[in-house]
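Since the structure comes first, as structure tokens, the remarks are kept for the end.
The values are calculated or read from the model by the stated rules, or taken from the named source; none is laboratory data. Quantities reported herein were computed from a predicted structural model and do not represent experimental measurements. Glycine also receives a Cβ, built like all others from the backbone with ideal geometry; neighbour counts cover every protein chain displayed.
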Amino acid sequence: MQNVPKEWREEQSVGGARDKDVKPWEGREALFQNNTGNSKQDMSTGKEKKNGEMMNGGGKGMEGTDKESLMMELTRLVQKTVKESSWWELRGIDITILALSFLLLPPAFLLLGSSQALVFVLGMVLMGVSHAVITIKGTHLASHGSLSESPTWADVWAVFFIEVCGSFTARAGVTSHIKMHHAHTNVIGLGDSSTWKIPYLPRGVYLFIAPLAVPVITPLVALGQLKEHSMGQALRTVLMVFLGLYAQYWLLIHVSGFQCLYSTLLCMLLCRAMFSLPYIHVNIFQHIGLPMFSPTRRPKRIYQMTHGVLNLPRNPLLDWIFGHSLINCHVEHHLFPFLSDNMCLKVKPIVSQYLKEKELPYQEDSYLSRLQLFFHKYQELMVFAPPITELVGVQ
């Protein structure tokens, strides 16, 4: 970070928030401004100005250039759709999916108490699906404040989903995801997805075995993050993570009838690791192998996101479990990170058509194609540092 220009060091979230602790709800008001291009009407206050910059690429030299005006024009198109959408479309559909996942938990615990193999396996599947929806889709939406209009409730949901359900620290999760990944997408040394690289592992182990350890690694990494927390935040995180883990353990003992410590812990591991492979795959498929940028010389936001982000095709299972914003609407999500999964899907035709009309990349590839690419080019993509891309003429 020492050689990064001051204006980039100051960016704490998508395009310019400068609070030490990024909040999950910050910046989303920009989608509801009346006119992104009218500085008098929409940026008359400091807060509105900051939010406008967050949605349009940093704000420096924002007016009077074609680069920023593309993002401003696209933002106005998306704003119109957002304003015309009902609460059900904005949040209701995704909240319902999360609620249904919680409702699957009681029958899952009961089925896990059966002595019949098929019934037991069904209980494992229900538990694994429910856990994945809650801890992947739920934590992702909560980290962006997409579950509530209230800042207070946004913070509550972030703690609940990330710490209680996801066994991680909400402060580190929200800050690193929004401050680094979204603000500096594919920027070398900042938001280049290097978190997901373990270069000393062979490709077969990394792609097909190591992800199974994610449920164990996650709380251990969370403990390592606590040194950056205040005493109160650290204590809360430890208590919330313990509560989530112990609640599942207690229910397996008292509802499912498990009697052995090791079998109970193994069941917890298998349920929590059920979708770890596609989770790790998705996190690397959609960014690594795409253009990477220098911290000191990178394109404006719309170019950065369209070149550095990729969509996977529609997949009923992964769309439900991971959410559209992580699968088939990842480009839309990076351009408008405060939209819910359903709203990303709703604005997808608008975004894709606009980018294609402006001859900007709208990158899409299949899951199998990306898996083959990473398997055959593992050394190049995951071991060696990728080359920096220079987008001549749009820096």
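Mind listing whichever residues of the range 71-100 are within 22 Å of the chain's Cα centre (by Cα) and of a type in the set (Lys, Arg)?
91
Just to be sure before I move on: is residue 321 at pLDDT below 95, part of a helix (DSSP H, G or I) and surrounded by 20 or more Cβ atoms within 10 Å (Cβ to Cβ) in the structure I sent?
When the stated conditions are applied, residue 321 does not pass them.
Given the residues 390, 380, which is the only one that is assigned to a loop (DSSP other than H, G, I, E, B), more than 19 Å from the chain's Cα centre (by Cα) and among the charged types (D, E, K, R)?
On inspection, the qualifying residue turns out to be 390.
Just one of 210, 273 is among the aliphatic types (A, V, I, L, M), in contact with a Pro (Cβ under 6 Å, 6 or more places away or on another chain) and within 30 Å of residue 364 (Cα to Cα); which is it?
The unique qualifying residue is 273.
Find the residue count for the range 340-375, including only residues that are closer than 26 Å to residue 146 by Cβ, among the polar types (S, T, N, Q) and surrounded by fewer than 19 Cβ atoms within 10 Å (Cβ to Cβ).
Qualifying residue count, the range 340-375: 3.
Could you please let me know if residue 205 is surrounded by fewer than 22 Cβ atoms within 10 Å (Cβ to Cβ), part of a helix (DSSP H, G or I) and not acidic (Asp, Glu)?
Yes.
Return a yes/no flag: does the range 201-216 have any residue that is free of Cβ contacts under 8 Å to residues at least 40 places away in the same chain and of a type in the set (Lys, Arg).
Checking the range 201-216: not a single residue is free of Cβ contacts under 8 Å to residues at least 40 places away in the same chain and of a type in the set (Lys, Arg).
Of all residues in the range 301-318, how many are in a loop (DSSP other than H, G, I, E, B) and more than 19 Å from residue 78 (Cα to Cα)? Walk me through how you get there before you give the answer.
Taking the range 301-318 and keeping what is in a loop (DSSP other than H, G, I, E, B), we get 309-310, 312-315.
Checking the rest, the ones that are also more than 19 Å from residue 78 (Cα to Cα) come to 310, 312-315.
Counting residues in the range 301-318 that are in a loop (DSSP other than H, G, I, E, B) and more than 19 Å from residue 78 (Cα to Cα) gives 5.
For the range 252-278, which positions are of a type in the set (A, V, I, L, M, F, W, C), part of a loop (DSSP other than H, G, I, E, B) and more than 30 Å from the chain's Cα centre (by Cα)?
255, 258, 260, listed by residue number.
Would you check which residues across the range 124-158 are more than 25 Å from residue 329 (Cα to Cα) and crowded, with 22+ Cβ neighbours inside 10 Å and list them?
127
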